[in-house]
Each structure stands twice: as structure tokens, then as C-alpha cells.
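Nothing in this text is a laboratory measurement; each read-out follows from the coordinates by a stated rule. In this text, all values refer to a predicted model and were calculated from it rather than measured experimentally. We place every Cβ from the backbone using ideal geometry, glycine too, and count neighbours over all the protein chains shown.
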Amino acid sequence: MSEHAGSPAGDNRPIAIFDSGFGGLTVARAVIDLLPAENIVYFGDTARYPYGPRGHHEVRWFAIQITDWMIAAFDPKMIVVACNTATAVALDELAARVSVPVVGVLEPGLRSVLEVSLTDRVGVIGTVGTVASGAYQRAASRLAPRVELTCAACPGFVEFVERGETDSEQVRVLATRLLAPLRDAKVDSLLLGCTHYPFLARTIGDVMGRDVVLVSSADETAFAVDRALEDADIQRDGSSPLAPAAWHRFVSTGDVEVFAELGRRLLGPELDEVRPHSWDGVE
Ligand code: DGL
């Protein structure tokens with residue numbers, strides 16, 4: 001049994017989830033729904049989004065910086081990298097660096113889309129950084145070498161979501177242009193390989209057509225979190241009458257008012273207060 005499991009509710013330490021901004025809220029939503037007893041702290045690095053166009057070295061540094069800060073500030077029992085770009089370039093390094101389990105979004109999402117495909121023509125869309133990293137291509141050739149994988153970067157999608165513009169004519173025009181290679185490749189399933197993209201699912205679905213199944217990595221990642229908690233025996237049990245209700249905390253490096261307002265619209269009522277964080281003076 002874990003040394004932290006001494007209280008009636010089991011291990012009360014929170015699960016720490018981070019992303020460049022609002023995208024990881026798709027993962028946070030799925031984790032809250034699947035594991036309502038767990039305490040959660042979410043970090044949105046909105047002052048430095050988007051990560052997609054940045055160099056791999058810089059994104060890796062951001063991921064390390066956030067992880068180290070969250071460990072020092074919240075003593076989490078697990079780190080969830082709710083960002084494909086950071087998962088693609090930093091997951092292994094984070095896992096080697098910290099003593100708690102680290103869960104990324106890339107492999108859960110890929111496994112899920114591979115299960116859904118009937119024709120083995122699978123699409124993945126993500127940021128420029130994710131697609132250029134080759135991480136999906138490598139993972140697919142390892143997990144399912146027979147699959148014909150078409151990857152496309154969708155620069156601009158993240159910015160629309162961060163502005164709260166999830167269903168405009170401009171998004172539709174951009175989606176029509178960027179998704180053309182996936183339509184040409186006749187994929188039957190499409191992985192939204194950026195955690196921001198589920199917020200654009202209606203537009204992406206309209207452009208791809210009814211026959212293409214859209215897959216978000218959020219649910220599958222929540223299942224991976226559940227398994228990792230169980231493997232490490234660090235679950236929290238909210239059913240005990242002595243267990244206080246689970247808490248959900250949010251931190252943003254950007255404007256906290258904006259984060260609270262848009263975040264609540266995207267995640268739901270659990271997002272009430274947002275605490276600010278600044279990297280000023282932090283090296
Ligand atoms: N949600 C991040 C991802 O999944 C977006 C990265 C960005 O900020 O460009 O890759």
C-alpha cells in the first residue's frame with residue numbers, strides 16, 4: 001500500500017494536469033467524469049501558448065519547468081501531460097525525471113483510433129510541432145505497421161480555441177483547406193491529436209463528413225490515468241463518509257479572468273476560481 005494511503009479516503013494528493021492553455025481541459029473533463037473522487041490541479045500556460053510552432057527544445061523546457069513547479073507547489077501523485085506537443089517531445093524525459101507516474105496523451109489516443117478504424121486508413125491531425133516530431137508516425141509503425149497513416153498539421157486551430165472562437169466561418173474555411181489531405185487519403189477515422197481540437201469537433205466533423213469517425217484522446221487518457229493509479233495503488237476513495245468532496249484547482253499564466261470565463265464555458269462548473277502564476281524571475 002502506498003505511504004500516502006493512510007487517510008480514510010486513500011491517497012489525497014492531486015493529479016496534476018497541464019497544457020499550453022485550454023486544450024487540456026478536454027482531458028481534465030474526462031478525468032473528472034471517470035474519477036470524480038480524485039483531487040485535480042490544472043495548469044494552463046496561456047501566457048506562452050501556442051506550443052505548436054515552437055522548437056522542440058523550448059517545449060521540452062516548458063514541460064520540465066511546469067512539472068517541477070507543480071511538484072513543488074502541489075505534491076501531486078501523478079503528472080498528466082494533456083498536450084500532444086509536449087507529450088511528443090518531453091514524455092520520456094519527464095518520466096525519467098520525476099518519481100510519480102507520468103501519463104501522456106499520444107499513445108492512448110493512437111490506440112483508440114486504431115481500434116475504431118475498419119479500413120486501416122487512419123488520419124491524425126496535430127500541431128506543427130507534434131506532426132514534425134514524427135512521434136505518431138513512429139508509434140503507429142510500432143503498434144500497427146499495416147496501417148496507412150496520414151498526418152496533417154493544422155496551424156491556426158489552437159489560436160481559434162484560445163480566443164473562444166470554436167464555430168465560426170473562418171474556422172470552417174481554414175478547416176476545409178487543412179483537412180483536404182485527409183479527405184483525399186480517404187481516412188475512415190481521424191484522431192484529434194491536439195487536445196484543443198475536440199472543441200472544434202463540430203466544424204472538423206462537418207468538413208470530414210459523416211462517414212469519418214472523430215476520436216479524441218481525452219477519454220482514453222482518462223482510462224490510462226485510472227490504470228496508472230491502480231497500478232501504483234494511489235487511488236482516492238470518495239465513497240468513505242469521512243472523505244471530503246474532491247477539489248479542482250486551476251492555475252493560469254495568462255489573464256485569470258479570461259481563463260475563468262472561457263474555461264468555465266469549455267470545462268463546466270468545476271472551474272470556479274483561477275490562481276495566477278508568473279514565470280517572471282523563474283529560471
Ligand atoms: N493542446 C496542445 C497540444 O495538444 C496545443 C499546443 C499548442 O499550444 O500549440 O498539442
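Placing a label point 7 Å from the Cα of GLU148 along the Cα-to-Cβ direction, the residues of region 94-125 whose backbone N falls under 19 Å of that point are 113-125.
Take the eigenvalues of the Cα gyration tensor for region 1-86, scale each by 5, and report the square roots as semi-axes in whole Å, largest first.
The answer is 26, 15, 9 Å, longest axis first.
Summarising the amide proton neighbourhood of ARG275: residues at separation of 5 or more, or on other chains, whose placed amide H is nearer than 5 Å comprise PHE250, VAL251, SER252. Residue by residue, region 265-271 carries 3J(HN,Hα) couplings of 5, 7, 9, x, x, 4, 8 Hz when phi is fed to the Karplus relation 6.51 cos²θ - 1.76 cosθ + 1.60 (θ = phi - 60°); x denotes Gly or Pro. Modelled this way, with points 7 Å down the Cα-to-C-beta line, the labels at LEU242 and ILE64 are 4.2 nm from one another. Couplings for region 214-220, taken from phi via the Karplus curve 6.51 cos²θ - 1.76 cosθ + 1.60 with θ = phi - 60°, read 8, 10, 9, 7, 4, 4, 5 Hz in order; Gly and Pro are left as x. Take the Cβ atoms of ARG227 and VAL116, set R0 to 22 Å, and the FRET efficiency comes out at 0.65.
Applying the Karplus relation 6.51 cos²θ - 1.76 cosθ + 1.60 with θ = phi - 60° to region 92-100 yields 3J(HN,Hα) values of 5, 5, 5, 4, 6, 8, 10, 9, 9 Hz, where x marks Gly and Pro.
Under 5 Å from the amide H of LEU191 lie the amide H atoms of GLY123, VAL124, ILE125, VAL215, each residue being 5 or more positions distant or on a separate chain, with H modelled from the backbone and absent for Pro and chain starts.
Remark: the Cα gyration tensor places region 97-181 in the oblate category, a/c being 1.5 or greater and a/b not exceeding b/c. Taking every alpha-carbon pair in region 1-149 and binning the separations at 5 Å intervals from zero gives 2, 9, 18, 20, 18, 14, 10, 6, 2, 1 percent. Here the sum of -39500 (n - 2.57) over DSSP H runs of 4 or more residues, divided by the residues of the chain, equals -13500 deg cm²/dmol at 222 nm, to the nearest 500. Extension gain, ASP92-ASP280: 0.36 nm per intervening residue step, less the Cα-Cα distance, totals 65.0 nm.
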